[in-house]
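Input: a single structure, listed below in structure tokens.
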Amino acid sequence: MNDQVRIVRFSIFDRLFHVGIMVTFLTQAVTGMGRLLYSTAWGKGVVNLFGGYEGATTVHNTVGILMIVGFVIHIAYVLAKVEWKSWHRSLFDADSLVPRWADAVHLGQKIRWFVGLGPPPAFDRWTYWEKFDYWAVFWGMPLLGVTGLLLMYPLVTSYFLPGWVLNVLVLFHRAEALLAMLYIFIIHFTIGHFRRGMFPMNECMFAGSVELEEEAKEKPLWIARLQEEGRLEEVMVAGPPHWYRVMYFIFGYTALLTGLYLLFTMIVYRNFIEWH
Amino acid sequence: MRSQRLLRRSILWMALGGLGLLLVFPAVAPAQEEVTTSIRRYKDREASTGYYEDYEVKPRRMRPFVGVPGVLRPSFPYSPKTGNIRIRTYLADAHRSVKFYKAQSCVECHAEEARNVHTTRGNITCRQCHGGEPIASIAHYFSPLNPVRRHAYVCSKCHEGSDASFATYVVHEPKPGALETRKTFPSLFYANWFMYLLVVGTLGFFILHTLVWVGKESYHHLREKMQREPEAESPPEKPEAQEPENE
């Protein structure tokens, strides 16, 4: 792996945020699913791992607050990263995750390629599905975080909102959580692990760097831009050390298997999953 | 190398097939637990002899296609006197003149009402909120569940400090997707359909997108391989002749 030419894709902060959200998200998924399926033997078993229903709820609430704190730190980090003097360029250039018109064009091209009407789109640094993955967290986190906080303190909530709002909040929280889990366990995992060329694992989110040759195939515009700006040498790095690769393979596969196990459980116990 | 690839592929397909089969087979339904319903458990028989009648061992929510005679709700559950009672919401005894009332348990008639988080997760029985016999209708003036005192008499037993606003939480929620809910609980109804469209829309689009993508990539990979293989064995004229056909 170390003889390949590799370029930086994610900073250490990006990777730490990803690891953080992996751990917290899966904890929330397990403690949430255990309580959702509490009327089944599986649910009781899972909940007992956390010391019973109350224990699972405490873990869920605590990790939820941790997630909100992490999200606020992330927003602060992102705001600090924007170069405010040239904010328009900083926000809307190709290195930014802010959606651009080009993303819609790429999606159109991709669909045309699906039906065999044209070549696949040439991407810049971030593809439209990567941007969607990022922004989906931005709609999921506030929705789950706000409804979760309000549900965590139902008495306080009912001082300034009518009590029946709690019914609606539960529905929002549960539906959004199911959507997030299904999205991550089906779509995100397929794209990150099971696509041709990705299996057994797309390592860039852990290694932080990607192989130049491979990236030039899918994201030629990015590589061309780096060459044009003369920054290609700047972003070149050595590959991850072997011990680190072993570590993140174990970690990544633990997370993957946890997710797939939860997906399997959702399919098996689908009749017990209540929407409201 | 080839046999290894074949093995890997067959394991993958078997796993996919297994997942597909899971969707076809019915969901788990542990039918033989000694409970009348999945929710009520032994609570109905706290003072029981420990000897269970046949009818007490009923399957859980997923019923097999076999009826149990005499256990289901009869067609005429009320005695002739009941004709005089049009609205049951204001009675001091909500079950006045219900036929064989003493021999029945709450969930035999109110099965749906037992499916709420207070019962399934909080392990709370009907009587803990609705009170002992005679159970008053919730709108009766002296009922503990009357909205004028519900928060103080019922909710605050567990939720310390609850107020009248808190007590408007709907314990027995209507089905959010049902059309009647549009009238009885409109915000729940619209929230439900909003989330439904969001979930189905997002997952529908992206699952289709991912499936077509993975399929298309595999197809291209296979085609490339099949074009490459004869190239290695036969003279190079062949692929040249094939190219215009494909385009």
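Quick notes on this structure:
- Any chance A:ALA136 is open to solvent by less than 50 Å² (accessible area, probe 1.4 Å), at pLDDT 90 or above and either assigned to a helix (DSSP H, G or I) or not aliphatic (A, V, I, L, M) (or both): yes
- Scan of region B:153-166 for residues that are more than 7 Å from every other protein chain (Cβ to nearest Cβ) and surrounded by fewer than 21 Cβ atoms within 10 Å (Cβ to Cβ), ordered by number: B:TYR153, B:SER156, B:LYS157, B:CYS158, B:GLU160, B:ALA164
- Residues of region B:117-136 classified as of a type outside the set (Val, Ile, Thr), in a loop (DSSP other than H, G, I, E, B) and either in contact with a helix residue (DSSP H, G or I) (Cβ under 7 Å, 6 or more places away or on another chain) or at the interface with chain A (Cβ under 10 Å from one of its Cβ atoms) (or both), total: 3
- The helices (runs of 4 or more DSSP H) found wholly in region A:1-110 and carrying at least 1 residues that are in contact with a His (Cβ under 6 Å, 6 or more places away or on another chain) and surrounded by 13 or more Cβ atoms within 10 Å (Cβ to Cβ) occupy A:12-36.
- Filter pass, B:LYS183 being under 17 Å from B:GLY122 (Cα atoms), more than 8 Å from every other protein chain (Cβ to nearest Cβ), among the charged types (D, E, K, R) and open to solvent by 50 Å² or more (accessible area, probe 1.4 Å): no
- Qualifying residues in region A:235-258 (those that are open to solvent by less than 20 Å² (accessible area, probe 1.4 Å) and away from chain B (no Cβ under 14 Å)) - the one modelled with the lowest pLDDT: A:GLY239
- Region B:134-148, subset without any contact (Cβ under 8 Å) to a residue 40 or more places away in the chain and loosely packed, with under 15 Cβ neighbours inside 10 Å, residue nearest to the chain's Cα centre (by Cα): B:PRO147
- Among the residues making up region A:194-210, none is touching a residue at least 60 places away in the same chain (Cβ under 8 Å) and surrounded by fewer than 17 Cβ atoms within 10 Å (Cβ to Cβ).
- Filter result for A:MET152 (more than 9 Å from chain B (Cβ to nearest Cβ), at pLDDT 90 or above, open to solvent by 20 Å² or more (accessible area, probe 1.4 Å) and touching a Phe, Trp or Tyr at 6+ places or on another chain (Cβ under 6 Å)): no
- Number of residues in region B:146-165 that are out of contact with any Phe, Trp or Tyr (no Cβ under 8 Å at 6 or more places or on another chain), assigned to a loop (DSSP other than H, G, I, E, B) and not acidic (Asp, Glu) equals 9.
- Residue check, A:LEU232 assigned to a loop (DSSP other than H, G, I, E, B) and either modelled with pLDDT under 90 or exposed (fewer than 13 other Cβ atoms within 10 Å of the Cβ) (or both): yes
- So B:GLU180, is it in contact (Cβ under 8 Å) with a residue 24 or more places away in the chain and among the charged types (D, E, K, R): no
- Condition check for B:TYR169: in contact with a Gly (Cβ under 7 Å, 6 or more places away or on another chain) and either at pLDDT 90 or above or open to solvent by 80 Å² or more (accessible area, probe 1.4 Å) (or both): yes
- Test result for A:GLU234, more than 20 Å from A:MET266 (Cβ to Cβ) and touching a residue at least 24 places away in the same chain (Cβ under 8 Å): no
- Boolean, A:LEU91 is away from every other protein chain (no Cβ under 13 Å), within 30 Å of A:TRP222 (Cα to Cα) and either within 20 Å of the chain's Cα centre (by Cα) or not hydroxyl-bearing (Ser, Thr, Tyr) (or both): yes
- B:PRO174 touching an Asp or Glu at 6+ places or on another chain (Cβ under 8 Å), surrounded by 11 or more Cβ atoms within 10 Å (Cβ to Cβ) and at pLDDT 85 or above: yes
Each row is one residue, and each column tells you yes or no for (1) within 8 Å of chain A (Cβ to nearest Cβ); (2) assigned to a helix (DSSP H, G or I); (3) surrounded by 14 or more Cβ atoms within 10 Å (Cβ to Cβ).
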position: B:LEU179; (1), (2), (3): no, no, no
position: B:PHE189; (1), (2), (3): no, yes, yes
position: B:PHE194; (1), (2), (3): no, yes, no
position: B:VAL199; (1), (2), (3): yes, yes, yes
position: B:ILE207; (1), (2), (3): yes, yes, yes
position: B:VAL214; (1), (2), (3): yes, yes, yes
position: B:SER218; (1), (2), (3): yes, yes, no
position: B:LYS225; (1), (2), (3): no, yes, no
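- Considering (1) open to solvent by less than 50 Å² (accessible area, probe 1.4 Å); (2) assigned to a helix (DSSP H, G or I); (3) away from chain B (no Cβ under 13 Å), the lone condition that A:TYR183 does not fulfil carries the number (3).
- Just one of the listed residues (B:VAL154, B:VAL107) is farther than 19 Å from A:GLU274 by Cα and in contact (Cβ under 8 Å) with a residue 60 or more places away in the chain, and it is B:VAL107.
The values are calculated or read from the model by the stated rules, or taken from the named source; none is laboratory data. Predicted model only: the values in this text are computed from it and were never measured. Neighbour counts run over all protein chains shown; Cβ positions are idealised from the backbone, glycine included. For the accessible areas, the whole protein counts, side chains as well, though only heavy atoms, and no ligand, DNA or RNA atoms are used. Shrake-Rupley method; radii C 1.70, N 1.55, O 1.52, S 1.80 Å.
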